[in-house]
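The values are calculated or read from the model by the stated rules, or taken from the named source; none is laboratory data. Source: prediction; values computed, not measured. Positions of Cβ are backbone-derived with ideal geometry, glycine not excepted, and every protein chain shown enters the neighbour counts.
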Amino acid sequence: MSKWYKIDNVGKVFHAVTEASNSSVYRVSVLMKDMVDEEGLQEALDSVIKRFPTLAVKVRKGVFWDFMESNEEKLSVQKETTYPCHPINPKENNGYLFKVLYFNKRIAVEIFHSLTDGTGAVEFLKTLIYQYLTLRGEEIAVDGDALLFSDQVPSKYETEDSFEKYYQKSNRNYLQDKVQRAFQIKGTPFDPKGVNVIHGVISASALNNVAKRMGVSITEFITALVIYAIYSETMKYGIYKENISIAIPVNLRQRFPSVTLRNFFSVVNVRVDINGDITLEEIMKAVSEQLKSKTDKQHLQDEINRHVQLQKSLKTRIVPLSLKYPAMRYGFTHYGEMAKTLTLTNLGNINLPDSMKGYIERMEVALYPTKNSPISCGVATVNDQMTITFARSIVESEVIKSFFSQLSRLTGLNVEVYSNNWGETR
Amino acid sequence: MNYCNHCAVSINHVTCPLCHRKVAESIDNEVKLYPDYMTMKKRRTFIAKVVAFLSITMASTCFVINLLVNADYLWSLYVVGGAVYLWVTMNHTLLSSAHTGAKIILQVISLSSVLVIMDFTSGFQRWSVNFAIPLIIIMATLLTTIIILKKRVHWRDYMGYTFVMFVIGFIPIGLYISGIATVLWTCVGTSLYALLTLIGMLLFSYKTIKEEFIRRFHV
């Protein structure tokens, strides 16, 4: 009989809130140095997919919660034809909630967020590329635990719901926590609907040196610059009393030991109040302080408890899904979405075996924009090439333009920009 | 590689993706990074809209003519019922990607409703509740059973719909008890058939059904 899994604590939310303007699909992709061979990629996918049992699933409807069941159908690689983070229709994808795409030199994995987070997606992509290269006859030496092999038996720790494992019972009523409304970027949605991605490539080590000189980390620097770009483009010349809030997903595996390949992240909101003129240095200071305090273990423990407690209460559990999902959607739209201006994720420097690095140019991460948060930002680094990707669902691109211009002028570094041109005449 | 002086970035586009200024006449002959997107025309949505509009036009025109000419005999309800049924069949049964089980159930409901309206309009001789509805339910249950037997691997996907069909199978008995239907054997026959289908499923696949219940009802 097929194996089944409960959807993890964060994953349930994505099932509830996904709609046409919020695909909950993100993309992790690599640009290879050579053109991608479709047959080779398919062969690699066929041998890798069973290694990731919590990805090789289909979603089934339940009365109180949906659930995932192992999917025995074939998942075919597809040539990229539409915009990144396009909603995935399982009916057109043999039931799967993720896609493996290729286009010229790019191999991309697009995943419905309820399956896994960025860490899980990167692990899958690494194994897929390793297998792809090996099947092509390339000699790849792998030392240590840099990646998962397709012939390994998946450990039970990889399929666990780590939220449940680290949950601590608490008497705090998280429903009473007040959510502060954040400034929202407004714009004209693309017609036809779609996602425009603009990537900027910069030297990671050089940027790290610049950030260090300014006394902040790379994530803090980029976050501060994004806030400054939003401030410069939307409120510098007006009288605003707003707060710009950047939602930053935090990989909980770094604080709570876990090798789960399912979702295990929390979101930290870094907020800067704008009451008048503000400088980049002031923003950097505020971002740095908040990121440090909000990523300490106790704060993250509270976040885990909040996630789990809300779903563990009997009241939540016994309400049928047809009532629960609209309630979760309401909470998401009126609280979660309102508390942030933009989401920024930094997957960091991806740990790849040295022998694999020679085949890979760089990595890109595109996060789906949503109706209330129409611009999102994803960062990933491979081979000292940091790719900062802005995905947007609106025509207006001033914030992104301001970000890259200031990044280039402030650091003096070369920034190479390219786009998928969605919504633009070429 | 081109350079946009305005944005201070290197670009491999003719037009800067940031400021949309034209910065060069051509780009280096490099491999394209993204495909040229084609706007997909939603042909299916268009057909569905045409069917909906034709159905509404047909039904409303007939209804108005009926009221103006002879309001005592509501013959236009045949047309309205037929139009609604046509719309359901086109939009759900033929064009949608809904589960086959859901399509069968909606067909049972819509076809039964149309036949009741027709029966009612023509003097309510009860042929719809006595014969037509029981027959439709038996045929639908049989169809579901055949699909399950043919698609053994995926039969659990149909389990929920089979249970719904089982419940629907008892509607004719309800109609008889409430006095709406007057022929006992067709009503009892339908319910017995539904019951036998359920017993058969439980007998041959008890373990699978139990497991399916655990999954579907987990809290």
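Of the set (1) out of contact with any His (no Cβ under 8 Å at 6 or more places or on another chain); (2) within 7 Å of chain A (Cβ to nearest Cβ); (3) at pLDDT 85 or above, all apply to B:Phe53 but (2).
Residues in segment B:177-199 that are surrounded by 12 or more Cβ atoms within 10 Å (Cβ to Cβ) and either free of Cβ contacts under 8 Å to residues at least 12 places away in the same chain or within 14 Å of chain A (Cβ to nearest Cβ) (or both): B:Leu184, B:Leu192, B:Leu196.
Test of understanding: among B:Val108, B:Val164, B:Val114, B:Val129, which residue is within 26 Å of A:Lys61 (Cα to Cα) and buried (at least 20 other Cβ atoms within 10 Å of the Cβ)?
On the way: B:Val164 fails: buried (at least 20 other Cβ atoms within 10 Å of the Cβ); B:Val114 fails: within 26 Å of A:Lys61 (Cα to Cα); B:Val129 fails: within 26 Å of A:Lys61 (Cα to Cα).
Testing whether each residue is within 26 Å of A:Lys61 (Cα to Cα) and buried (at least 20 other Cβ atoms within 10 Å of the Cβ) leaves just B:Val108.
Filtered by the rule that a residue be within 13 Å of chain A (Cβ to nearest Cβ) and of a type outside the set (A, V, I, L, M, F, W, C), segment B:153-165 gives B:His154, B:Arg156, B:Asp157, B:Tyr158, B:Gly160, B:Tyr161.
Residues in segment A:49-84 that are among the charged types (D, E, K, R), touching a Leu at 6+ places or on another chain (Cβ under 8 Å) and at the interface with another protein chain (Cβ under 9 Å from one of its Cβ atoms): A:Lys61, A:Lys79, A:Glu80.
How many of the residues making up segment A:200-250 are assigned to a strand (DSSP E or B), away from every other protein chain (no Cβ under 14 Å) and closer than 25 Å to A:Val417 by Cα?
The initial filter retains those residues of segment A:200-250 that are assigned to a strand (DSSP E or B), namely A:200-203, A:242-250.
Next, from what is left, pick out any that are away from every other protein chain (no Cβ under 14 Å): A:242-250.
Subset that is closer than 25 Å to A:Val417 by Cα: A:246-249.
Looking only at that region, the number is 4.
Taking segment A:283-322 as the range and being within 14 Å of another protein chain (Cβ to nearest Cβ) and free of Cβ contacts under 8 Å to residues at least 40 places away in the same chain as the test, the residues that pass are A:Ser313, A:Leu314, A:Lys315, A:Thr316, A:Ser322. Taking first residues from segment B:83-96 that are in contact (Cβ under 8 Å) with a residue 40 or more places away in the chain and partners that are not β-branched (Val, Ile, Thr), the Cβ contacts under 7 Å between residues at least 6 apart in sequence or on separate chains come to B:Met90/B:Ala48; B:Asn91/B:Ala48; B:Leu95/B:Arg44; B:Leu95/B:Ala48. In this structure, A:Ile246 does satisfy being buried (at least 23 other Cβ atoms within 10 Å of the Cβ) and not assigned by TED's automatic domain parsing to the domain that holds A:Leu55. Look at A:Ile388 and say whether it is assigned to a strand (DSSP E or B), within 12 Å of another protein chain (Cβ to nearest Cβ) and in contact (Cβ under 8 Å) with a residue 24 or more places away in the chain. So A:Ile388 passes the test. Candidates A:Tyr325, A:Tyr368, A:Tyr359, A:Tyr335: the one that is hydroxyl-bearing (Ser, Thr, Tyr), in contact (Cβ under 8 Å) with a residue 12 or more places away in the chain and touching a Pro at 6+ places or on another chain (Cβ under 9 Å) is A:Tyr368. Selection over segment A:85-107 of residues that are within 11 Å of another protein chain (Cβ to nearest Cβ), part of a loop (DSSP other than H, G, I, E, B) and in contact (Cβ under 8 Å) with a residue 12 or more places away in the chain gives a count of 4.
Yes/no per residue for (1) of a type in the set (Ser, Thr, Tyr); (2) at pLDDT below 90:
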{"residue": "A:Leu41", "(1), (2)": "no, no"}
{"residue": "A:Val59", "(1), (2)": "no, yes"}
{"residue": "A:Thr82", "(1), (2)": "yes, no"}
{"residue": "A:Arg106", "(1), (2)": "no, no"}
{"residue": "A:Phe112", "(1), (2)": "no, no"}
{"residue": "A:Tyr132", "(1), (2)": "yes, no"}
{"residue": "A:Val142", "(1), (2)": "no, yes"}
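Of all the criteria given as (1) touching a helix residue (DSSP H, G or I) at 6+ places or on another chain (Cβ under 6 Å); (2) within 14 Å of chain B (Cβ to nearest Cβ), the one not satisfied by A:Thr381 is (2).
Considering A:Val268, A:Val272, A:Val287, which residue is among the hydrophobic types (A, V, I, L, M, F, W, C) and surrounded by fewer than 20 Cβ atoms within 10 Å (Cβ to Cβ)?
Numbers: A:Val272 fails: surrounded by fewer than 20 Cβ atoms within 10 Å (Cβ to Cβ); A:Val287 fails: surrounded by fewer than 20 Cβ atoms within 10 Å (Cβ to Cβ).
Exactly one of A:Val268, A:Val272, A:Val287 is among the hydrophobic types (A, V, I, L, M, F, W, C) and surrounded by fewer than 20 Cβ atoms within 10 Å (Cβ to Cβ), namely A:Val268.
Of all residues in segment B:1-12, exactly one satisfies the criterion of being buried (at least 19 other Cβ atoms within 10 Å of the Cβ) and more than 7 Å from chain A (Cβ to nearest Cβ), namely B:Cys4.
The test for being under 30 Å from A:Ile400 (Cβ atoms), modelled with pLDDT of 95 or more and either buried (at least 16 other Cβ atoms within 10 Å of the Cβ) or of a type in the set (Lys, Arg) (or both) holds for A:Ile198.
For (1) more than 18 Å from the chain's Cα centre (by Cα); (2) in a helix (DSSP H, G or I); (3) farther than 22 Å from A:Leu367 by Cα, each residue gets a yes or a no:
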position	(1), (2), (3)
A:His15	no, yes, no
A:Gln42	yes, yes, yes
A:Leu45	yes, yes, yes
A:Trp65	yes, no, yes
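None of B:Val84, B:Val80 is farther than 30 Å from A:Lys79 by Cβ, more than 18 Å from the chain's Cα centre (by Cα), of a type in the set (Val, Ile, Thr) and away from chain A (no Cβ under 13 Å) except B:Val80. Only residues that are among the β-branched types (Val, Ile, Thr) and under 24 Å from A:Tyr335 (Cα atoms) were counted in segment A:246-302, giving 10.
Just checking, does segment A:12-28 include any residue being surrounded by fewer than 20 Cβ atoms within 10 Å (Cβ to Cβ), farther than 29 Å from A:Ile304 by Cα and either of a type outside the set (Ser, Thr, Tyr) or more than 13 Å from every other protein chain (Cβ to nearest Cβ) (or both)? Within segment A:12-28, not a single residue is surrounded by fewer than 20 Cβ atoms within 10 Å (Cβ to Cβ), farther than 29 Å from A:Ile304 by Cα and either of a type outside the set (Ser, Thr, Tyr) or more than 13 Å from every other protein chain (Cβ to nearest Cβ) (or both).
The residues in segment B:54-93 that are farther than 25 Å from B:Phe124 by Cβ and either charged (D, E, K, R) or not in a helix (DSSP H, G or I) (or both) can be counted, and the count is 0. Working only within segment A:400-426, note down all residues that are of a type in the set (Ser, Thr, Tyr) and facing another protein chain (nearest Cβ under 7 Å). Scanning segment A:400-426 gives A:Ser405, A:Ser408, A:Tyr418, A:Ser419.
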